[in-house]
Structures are given as C-alpha cells and as structure tokens.
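S.K.: Here's a structure for you.
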Amino acid sequence: MQFQDLKLIDPLLRAVRAEGYDEPTPIQAQAVPHVLAGKDLVGCAQTGTGKTAAFALPILQRLVAANQNRQRGVIRVLVLSPTRELASQIGDSFTAYGRHTGLKNVVIFGGVGQQPQVQAVRRGVDILVATPGRLLDLMNQGVINLNTIEFFVLDEADRMLDMGFIHDVRRVIKVLPKRRQTLLFSATMPQDIQDLANHILIDPVRVEVTPQATTVEKIDQSVFFVAKKDKRALLEHLLDDKAIRRVLVFTRTKHGANKLVQQLDRARIQAEAIHGNKSQTARERALSNFKSGKTRVLVATDIAARGIDVEDVTHVINYDLPNEPESYVHRIGRTARAGASGIAFSFCDIEERKYLRDIEKLIRLRVPLVTEHPYVDTAEESAANGKSSSNGGHPRQQRSRQNESQPGNGNGNGRSRRPRRRRNPRPTE
Ligand code: AMP
C-alpha cells in the first residue's frame with residue numbers, strides 16, 4: 001500500500017515524503033481511512049508503530065477540508081499525552097506533517113514556566129497537545145477553553161492510568177463538547193481503559209497492531225547489570241569484539257556523551273558524539289563519518305538520535321537506560337532498519353532498575369539478562385533476587401556468554417528469577 005492509496009491530500013503527501021516515509025505502517029493503513037470517514041477509533045498500538053501519523057494525518061486532512069468559514073485561532077483538536085516527552089514528540093509530528101497546511105499546534109506541559117505556553121495559546125492555535133495537569137491548570141485560570149474541540153485524541157491511555165492521571169483525564173473529558181470525533185490509543189487494554197473507551201467513544205472502530213513482531217522482537221536484546229563506575233570498562237570490554245562494527249551508544253546527557261567519547265579516545269576507540277550542543281556542521285560530519293565507517297562508535301543522546309537513519313547499525317548499546325520507556329523502543333529500533341535484525345545491549349545500574357521494569361512493561365517482554373561478564377554488579381543481582389550478595393560483591397570472573405543454558409544465576413542458591421540468557425524472551429507477568 002502507498003500513502004496515495006489512503007486518499008491523503010497533496011500537502012500531506014508531500015510532508016510524508018519529506019519525512020522519508022515510503023509506505024504507511026500497518027496502524028496507519030488501518031486507521032487513516034476510518035478517521036478520515038469521521039469514525040471514533042480505539043487503537044491498540046504503542047509508540048514505535050507510527051501511531052502518531054495514524055491520527056495526525058487524517059485529523060490534519062479533516063481540519064483542512066473544514067477550514068472554510070471557521071473562526072481562526074480557536075482550539076479544534078486536543079491531544080492528551082501522559083508525559084511531556086511524548087507531548088513534545090506529538091507536537092513535532094504535527095509540525096512536520098502539517099507543514100504545508102498552515103495549521104498551528106502548541107504543546108503544553110508542567111514542570112516548566114507556564115507563561116510562554118500561555119502566550120503561545122493566546123496567539124491562536126488549531127491543535128493543542130497537552131499533559132493533563134498543566135491543561136487543567138490553564139483551564140482553571142481561564143486561559144484555555146475547550147468548547148470548540150472537534151477532535152479529541154487520548155494517547156497512551158494505559159500509561160495515563162499507570163501514572164495516576166485518569167481522574168484528571170476524566171475531568172478534561174467532562175468539559176469537551178459531546179459532538180466530536182474521539183480517538184483512543186493504548187498499548188494494552190486493561191478493563192479500566194475498556195470502560196473508559198465505552199464511556200467516551202461512540203460506536204468505535206477497533207484497530208490493533210503488534211509492534212513487537214515488527215520492531216522489538218526481531219532485535220536480539222540483553223541487559224547487563226553493572227555498577228555505574230564499571231560501565232565504561234564494560235563498554236570497552238564489549239568493543240573488543242570486532243563483530244560490533246557500527247554501534248550507536250546512548251547516554252542520557254550531552255555531558256555524558258562528551259565524556260564517554262574522550263574516554264574511548266584514550267582507549268584508542270574511534271568515537272564521536274552527536275547531541276544538541278553540537279553545531280549542525282559537527283553533527284553532520286559525525287554522522288557522515290559514522291555512515292562511511294570511519295567512526296565505529298557514535299555516542300548519542302535521544303533527541304539527537306531521532307533523526308539518525310543509518311543502515312547497517314550492527315549494535316545499539318544503552319550505556320544509560322532511558323527513563324522514558326518509548327525511548328528504548330526508538331533507540332533499539334536503530335539497529336533493525338529496513339527489515340534487518342540487530343543486537344541491543346543495555347547497561348543497567350541499581351538506580352536504573354525501575355526504568356528496566358517500565359521498559360519491560362511497555363514492550364511486554366522480559367529482556368534477557370547476561371549473567372556472565374567481568375563486571376557483574378553482584379549487589380544488584382542479589383537485589384534482583386531478593387538475596388544478599390554471596391561473594392562479597394567482587395566482580396565475577398568472565399565466562400563465555402554462550403554458556404547460557406546452565407541453571408542458576410551464580411548466587412549460590414540454585415534459584416533464579418531471571419534467566420542466564422534466554423534466547424526466546426518470554427512475556428512479562
Ligand atoms: P510513533 O509510533 O508515531 O512514535 O512513530 C515511530 C517512528 O516511526 C517515528 O520516528 C516516525 O517518524 C516513524 N514513522 C512513522 N510513520 C512512518 C512510516 N510510514 N514510515 C517510516 N517511518 C515512520
């Protein structure tokens with residue numbers, strides 16, 4: 001299927017082409033016709049499936065079609081997102097897909113000063129992307145009025161529930177006009193979300209995609225429990241393996257990326273960093289060196305990596321685990337471009353265990369643990385097993401990672417909550 005087959009108007013087709021998309025993803029192919037036809041929709045899909053375009057493209061098209069005789073500057077679309085990162089991404093997507101439509105979006109979220117957001121809203125906005133708390137604040141202050149909403153998108157409804165935002169969401173929904181088109185997206189469909197869907201959608205179409213099969217599952221993933229101080233040594237140890245030909249290493253901060261590049265440089269490992277503080281020229285140069293194979297290791301932060309589209313990335317290494325589980329899916333997806341499979345390693349220190357749990361919940365897979373490497377954080381492993389350390393916390397001697405089928409996890413109790421290294425990830429409980 002092509003984007004033209006979805007009967008999208010030319011300004012949107014041009015934008016999609018400029019994004020480099022060749023064809024619609026399954027959720028787009030399924031959802032776009034229904035949304036264009038004005039139907040309410042429940043989408044069971046998670047980030048990484050292309051679900052943002054699945055709702056943004058048809059909504060933009062319907063806004064353009066109904067643009068005549070409209071009061072300009074009133075808010076016509078509300079997208080609710082659980083996190084500011086996701087809200088920003090959705091805003092960026094509306095900007096990218098709507099670049100030839102003249103429609104304006106504004107993103108509002110908490111944790112930052114509200115004044116710039118208030119001013120942006122006052123300047124006039126067609127599409128408002130918001131997290132629930134800040135939206136309610138601005139509604140209560142009379143800055144935002146939602147009685148002109150024609151389209152309402154509730155994104156990542158299950159995470160809203162997990163994060164305790166569901167009451168805020170209900171309060172927002174209460175003030176929306178009854179006559180509207182509503183789209184609800186959720187990675188999972190617990191009963192609470194189904195009840196909510198039954199309550200707020202009218203005769204919805206249901207579409208479902210299973211992203212693990214297309215993205216996450218074909219990537220060979222594993223996690224290394226390692227103390228923060230040992231991460232660099234573990235990275236250098238792994239990079240001894242020449243099979244790691246072209247590797248994207250993710251750090252949480254720009255500073256962390258720079259520091260790591262310096263350290264790798266000292267170890268004579270060809271590395272460059274790419275992040276927001278680098279000039280455009282420096283970023284392009286780093287990227288082109290990486291593409292050509294001149295640089296073996298590209299160290300990146302999430303934001304900088306978003307636009308990176310390099311084929312044949314053999315490995316992704318999460319030097320730091322992302323606190324946003326979607327970022328994990330985005331990151332590891334860099335090693336499985338264009339149908340290729342790839343390998344993703346994640347380093348997890350004790351403080352990052354909660355991030356790992358969130359990731360596993362999102363991808364609905366248990367990421368296999370590598371229990372045999374020279375820098376195993378035994379304190380951490382014991383914590384994972386609810387046991388105290390049995391060898392005083394000394395790094396374990398390296399043994400072959402191939403040696404995976406042995407029972408037990410080396411903590412001496414013969415029981416293991418985590419596999420040594422499972423080939424077939426099992427669903428999380
Ligand atoms: P989303 O699930 O909306 O967060 O999208 C995940 C990623 O897929 C984003 O980086 C999008 O830019 C990208 N994407 C969305 N639609 C397509 C498409 N049809 N072809 C290729 N990439 C896409």
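S.K.: Any idea which residue in region 314-373 is surrounded by the most Cβ atoms within 10 Å (Cβ to Cβ), counting only those that are of a type in the set (Asp, Glu) and closer than 26 Å to Phe185 by Cβ? Outline the logic, then answer.
M.R.: First, pick out the residues of region 314-373 that are of a type in the set (Asp, Glu): 320, 324, 326, 349, 351-352, 358, 360, 372.
Applying the additional criterion that residues be closer than 26 Å to Phe185 by Cβ yields 324, 326, 358, 360.
On the way: Glu324: 20, Glu326: 23, Asp358: 19, Glu360: 19.
So the residue we want is Glu326.
S.K.: Determine, yes or no, whether Thr148 is within 25 Å of Glu360 (Cα to Cα) and part of a loop (DSSP other than H, G, I, E, B). Break it down stepwise before answering.
M.R.: Details: within 25 Å of Glu360 (Cα to Cα): no; part of a loop (DSSP other than H, G, I, E, B): yes.
So Thr148 fails the test.
S.K.: Let me ask another. Let me confirm something: among Leu264, Leu260, which residue is assigned by TED's automatic domain parsing to the domain that holds Asn318, over 25 Å from the mean Cα position of the chain (by Cα) and not charged (D, E, K, R)?
M.R.: Numbers: Leu260 fails: over 25 Å from the mean Cα position of the chain (by Cα).
So the residue among Leu264, Leu260 that is assigned by TED's automatic domain parsing to the domain that holds Asn318, over 25 Å from the mean Cα position of the chain (by Cα) and not charged (D, E, K, R) is Leu264.
S.K.: Now for a different question. Tell me whether region 61-72 contains one or more residues that are touching a helix residue (DSSP H, G or I) at 6+ places or on another chain (Cβ under 8 Å) and within 16 Å of Thr182 (Cβ to Cβ). Explain how you work it out, then say what you get.
M.R.: From region 61-72, those touching a helix residue (DSSP H, G or I) at 6+ places or on another chain (Cβ under 8 Å) are 61-62, 64; that's our starting set.
The next check asks that each one be within 16 Å of Thr182 (Cβ to Cβ); those that pass are 62.
The answer is yes; a qualifying residue exists.
S.K.: Out of everything in region 94-114 that is crowded, with 22+ Cβ neighbours inside 10 Å and not in a strand (DSSP E or B), what residue ends up being nearest to the ligand (Cβ to nearest atom)?
M.R.: Tyr97
S.K.: When only residues in region 3-40 that are aliphatic (A, V, I, L, M) and touching a Phe, Trp or Tyr at 6+ places or on another chain (Cβ under 8 Å) count, which is farthest from the ligand (Cβ to nearest atom)?
M.R.: Residues of region 3-40 aliphatic (A, V, I, L, M): 6, 8-9, 12-13, 15-16, 18, 27, 29, 31-32, 35-37.
Narrowing the set further to residues that are touching a Phe, Trp or Tyr at 6+ places or on another chain (Cβ under 8 Å) leaves 12-13, 15-16, 31, 35.
Numbers: Leu12: 12, Leu13: 12, Ala15: 11, Val16: 7, Ala31: 11, Val35: 14 Å.
Ranking the qualifying residues of region 3-40, first place goes to Val35.
S.K.: Here is a further query. Give me the residue from region 62-78 that is closer than 26 Å to Ala18 by Cβ and in contact with a Ser or Thr (Cβ under 9 Å, 6 or more places away or on another chain) and, out of that set, surrounded by the most Cβ atoms within 10 Å (Cβ to Cβ).
M.R.: This residue is Arg76.
S.K.: Look at region 23-53 and say how many of its residues are farther than 22 Å from Ile332 by Cα, out of contact with any His (no Cβ under 8 Å at 6 or more places or on another chain) and crowded, with 22+ Cβ neighbours inside 10 Å. If you could, list the steps in order and put the result at the bottom.
M.R.: As a first pass, look at region 23-53 and keep what is farther than 22 Å from Ile332 by Cα: 29-43.
Subset that is out of contact with any His (no Cβ under 8 Å at 6 or more places or on another chain): 29-40, 42-43.
From the residues that got through so far, the ones that are crowded, with 22+ Cβ neighbours inside 10 Å too are 31-32, 35, 42-43.
Adding up the residues that qualify gives 5.
S.K.: Also: For region 27-60, enumerate the residues that are touching a helix residue (DSSP H, G or I) at 6+ places or on another chain (Cβ under 8 Å), part of a loop (DSSP other than H, G, I, E, B) and among the small types (Gly, Ala, Ser).
M.R.: Gly38, Ala45, Gly48, Gly50
S.K.: Please verify whether Thr52 is in contact (Cβ under 8 Å) with a residue 12 or more places away in the chain and assigned by TED's automatic domain parsing to the domain that holds Arg180, treating the condition exactly as stated. Quick ask: steps written out before the conclusion?
M.R.: Details: in contact (Cβ under 8 Å) with a residue 12 or more places away in the chain: yes; assigned by TED's automatic domain parsing to the domain that holds Arg180: yes.
So Thr52 passes the test.
S.K.: Let me confirm something: among Gly164, Gly142, which residue is without any contact (Cβ under 8 Å) to a residue 12 or more places away in the chain, within 20 Å of Ile193 (Cα to Cα) and not assigned by TED's automatic domain parsing to the domain that holds Lys361? Spell out the reasoning first.
M.R.: Details: Gly142 fails: within 20 Å of Ile193 (Cα to Cα).
On inspection, the qualifying residue turns out to be Gly164.
S.K.: Among the residues of region 194-209, is there at least one that is of a type outside the set (Lys, Arg) and under 29 Å from Ile350 (Cβ atoms)?
M.R.: Taking region 194-209 and keeping what is of a type outside the set (Lys, Arg), we get 194-205, 207-209.
Remaining after also requiring under 29 Å from Ile350 (Cβ atoms): none.
No, region 194-209 has no match at all.
The values are calculated or read from the model by the stated rules, or taken from the named source; none is laboratory data. Please read these numbers as outputs of a predicted model, since none were measured by experiment. Neighbour counts are summed over all protein chains in view; Cβ atoms, including those assigned to glycine, are modelled from backbone coordinates with ideal geometry.
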